[in-house]
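To start, the structure itself, in structure tokens.
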Amino acid sequence: MIKTEKLACHECDLLLHIPEHTSACHSLVCPRCQHKISSGHSNALDSVIALSISALIVLGIAISLPFISFSAQGQAHSISLMHTSIELYSQGFTSLAVIALVLIVFFPFLYIFCLLMITLPIKLGLITKAPVTLGKFIGLLTPWLMADVFLIGVLIALIKLIPMADISIGGAFWAYLMFVPLFSYVVSIVDPYRLWNWIDHDSKCAY
Ligand SMILES: [Zn+2]
């Protein structure tokens with residue numbers, strides 16, 4: 001007999017009896033509103049740890065190397081991700097500088113860091129369930145993860161800039177280009193149902 005547990009649908013509050021484990025290539029979907037509750041994964045914990053560490057490494061490279069260099073009318077500029085916010089701040093756009101830095105670098109870093117704080121101790125057998133606070137914090141961060149939006153904006157800006165200046169792509173650009181799909185895949189694996197399975201069964205109602 002398949003072991004089930006009770007869960008209220010996040011969208012329509014329908015009380016569901018769902019299996020404790022979902023096999024890979026299968027998804028749990030609410031029968032009333034079709035909201036996807038979770039996707040099956042053969043080894044979500046290991047995948048999240050490996051991909052999160054990889055994402056942290058490429059994010060570190062993206063922060064430390066020049067993002068883009070361009071020259072026009074005899075003037076050459078090289079700009080890094082951190083420099084983007086510094087430039088905005090120096091031009092008086094303080095709030096925009098803070099928002100850019102937070103959404104592009106700080107929130108994705110914090111998300112991965114908290115995720116590793118949950119998954120690594122479980123994997124190492126130090127704890128069986130992570131603290132509820134971390135789960136709630138990740139839930140607050142998730143709507144503000146906009147690394148993919150930034151990358152799309154950069155690609156559009158590049159298309160417009162190429163005819164006007166001599167553009168050279170820096171190592172940080174390629175690193176960030178690798179970071180975004182890695183990070184997006186991690187976020188797609190960590191749905192609220194799976195996240196709260198790693199935290200505390202009694203606190204599932206909190207998401
Ligand atoms: Zn529903």
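Observations
- In this rough spin-label picture, where each label sits 7 Å from Cα along the Cβ direction, the Lys6-Ser90 distance is 6.1 nm.
- By the equivalent-ellipsoid construction on the alpha carbon gyration tensor, the chain comes out with semi-axes of 39, 17, 16 Å, ordered largest to smallest.
- Rounded tilt (10° steps) of 44-64 against the dominant C-alpha axis of the chain: 10
- If you look at the Cα atoms of the stretch 1-40, you get an Rg and a Dmax of 9.9, 28 Å.
- Rounded to whole numbers, the Karplus 3J(HN,Hα) couplings from phi for the stretch 177-193 are 5, 7, 5, 4, x, 4, 5, 5, 5, 4, 4, 5, 6, 7, 6, x, 4 Hz, using 6.51 cos²θ - 1.76 cosθ + 1.60 with θ = phi - 60°, and x at Gly and Pro.
- Legend: calculated FRET efficiency, Val29 to Leu116, from the Cβ-Cβ distance at R0 = 41 Å, rounded to 0.05, equals 0.90.
- Cα→Cβ-extended label distance, 7 Å offset, between Ile167 and Ser54, nm: 2.7
- DSSP-assigned coil residues among chymotrypsin sites (Phe, Trp or Tyr not before Pro) in the stretch 24-101, each with at most 16 further Cβ atoms within 10 Å: Phe93
- A crude spin-label estimate for the pair Ile156 and Phe106, with each label 7 Å from Cα along the Cβ direction, gives 2.5 nm.
- Number of Lys pairs (Cα under 26 Å; 8 or more positions apart or on different chains) in the chain: 16
- Residue list for the stretch 162-193, given a label point 7 angstrom along the Cα-to-Cβ vector of His83 and an amide N cut-off under 18 Å: 162, 165-177
- The residues of the stretch 43-206 expose, per residue, 53 Å² of accessible area to a 1.4 Å probe.
- Working note: Karplus 6.51/-1.76/1.60 with θ = phi - 60° gives the stretch 15-24 the couplings 7, 10, 9, 10, x, 5, 10, 10, 6, 4 Hz, where Gly and Pro are set to x.
- Most positive-pole-ward Cα, Leu110, Ala100, Val190, against dipole of the chain from beta carbon charges: Val190
- For the chain, the carbon plus sulfur part of the accessible surface works out to 67%, probe radius 1.4 Å.
- In this structure, the amide hydrogen of Ile37, modeled 1.01 Å from its nitrogen in the peptide plane, lies closer than 5 angstrom to those of Leu28, Val29, Cys30, counting only residues at least 5 positions away or on a different chain.
The values are calculated or read from the model by the stated rules, or taken from the named source; none is laboratory data. The structure presented is a predicted model; accordingly, all values stated were derived computationally and were not measured. Note: ideal-geometry Cβ built from the backbone for every residue, glycine included; neighbour counts use all protein chains shown. When the accessible area is computed, the model is the full protein with side chains, heavy atoms only, and any ligands, DNA or RNA have been set aside. Shrake-Rupley method; radii C 1.70, N 1.55, O 1.52, S 1.80 Å.
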